[in-house]
2 protein chains.
Amino acid sequence: MRLLEERIVRDGKVRDGNVLKVDCFLNHQMDIQFFGEMAKEFYSLFQDDNISKILTIEASGIGIACITAQVFNCPVIFAKKSKTKNIAGDVYTAKVESFTHGGTYDIIVSKEFLKPSDRVLIIDDFLANGSALSGLSSLVKDAGATLVGAGIAIEKAFQHGGDVLREQGLRIESLARIKSMENGKIEFC
Amino acid sequence: MRLLEERIVRDGKVRDGNVLKVDCFLNHQMDIQFFGEMAKEFYSLFQDDNISKILTIEASGIGIACITAQVFNCPVIFAKKSKTKNIAGDVYTAKVESFTHGGTYDIIVSKEFLKPSDRVLIIDDFLANGSALSGLSSLVKDAGATLVGAGIAIEKAFQHGGDVLREQGLRIESLARIKSMENGKIEFC
């Protein structure tokens, strides 16, 4: 998506450790009008797939997922990163390694919200090592639901998480795929 | 807002410790079409206030904030609950007590996203003891921005956080105000 690539080049900042900082429009401050453009793009890619639910993960996936869900006219579920008082016992769970924070955490989704009849589209802001996406996929499979695919805003293709998951048969549509960020220069696939 | 009260009565579940579980439409699974109705209500309340930014807190405030921001045509900032690699040094910070999880945590917002010229509307899903709202308010004040008010989906009025903050001069508009939840029966103000 040309518009997103241009925005990344204009506003993104490359930090040490292969961190791409896009928090002025994507994952701290959120440009909702721009999210609408991304949502339309996701719709054009998945409109024939009878999506019944969008699944994302807290926190930075939620905004894009919600604006995208408006276009698909379906609910969003966000996987939570830790067990809270508000979630009763019956949950699907998976382990995720965090690229940004380091370490491993559990993600959970209440069983009542993912059913075998669901056709699920996963939406997230970033795909790097693929750990979050892999965890979300396994929640969908555990529920016996159909995983239609994943719509990602920015894929760091040089970290190869997307390649591995595509080889396993997952359909992944990334709106911007970064080939390299060496010396602060961002190149797209 | 009659529609929200009806939805709470229909789908909400009262749990031990004054927990109201509304995770089938508000804060785990999110009914985006319904969020659109709440957003229109917030717009009718704050449309004359020249809102330039909506501020919320991760994770469950983000969805409502984003759908509301579409109507106001402004960006959303979400306060983060812990310091991550992706946020550089310059942040506003405040302490918040968690009703749901127990304990205290820091919330942060990058200084670059809150400016003295901003007119800020805070949006959140719940108001109970008022700690999150108080923390968000102090971030806005620290930035020298104008805090126009707060739009809340569900206020647990019997916990009095809203009363205290209203007495301090904060304009709070809650779409549903719960007077009591004794014996599992939800009564509104």
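Where a number appears in this text, it was derived from the coordinates with a stated rule and is not lab data. Here the structure is a predicted model, which means the values were calculated and not measured. Cβ: placed from backbone, ideal geometry, glycine included. Neighbour counts: every protein chain shown.
Laid out as a table, the results:
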| item | result |
| --- | --- |
| Within segment A:117-189, strands (runs of 3 or more DSSP E) holding 3 or more residues that are free of Cβ contacts under 8 Å to residues at least 40 places away in the same chain and closer than 22 Å to residue A:80 by Cα | A:146-156 |
| Qualifying residue in segment A:90-99 (condition: part of a loop (DSSP other than H, G, I, E, B), within 24 Å of residue B:54 (Cβ to Cβ), facing chain B (nearest Cβ under 10 Å) and free of Cβ contacts under 8 Å to residues at least 60 places away in the same chain) | no |
| Segments classed as strands (runs of 3 or more DSSP E), wholly inside segment B:1-65, with at least 1 members that are buried (at least 22 other Cβ atoms within 10 Å of the Cβ) | B:53-57 |
| Selection within segment A:146-179 - hydroxyl-bearing (Ser, Thr, Tyr) and closer than 16 Å to residue A:129 by Cβ | A:174 |
| Residues within segment B:33-45 that are more than 10 Å from every other protein chain (Cβ to nearest Cβ) and either under 20 Å from residue B:115 (Cα atoms) or in contact with a helix residue (DSSP H, G or I) (Cβ under 7 Å, 6 or more places away or on another chain) (or both), tallied | 6 |
| Cβ-Cβ under 7 Å pairs, at least 6 apart or on other chains, segment B:49-78 side more than 9 Å from chain A (Cβ to nearest Cβ) and free of Cβ contacts under 8 Å to residues at least 40 places away in the same chain, far side in a helix (DSSP H, G or I) and among the aromatic types (Phe, Trp, Tyr) | B:71/B:43 |
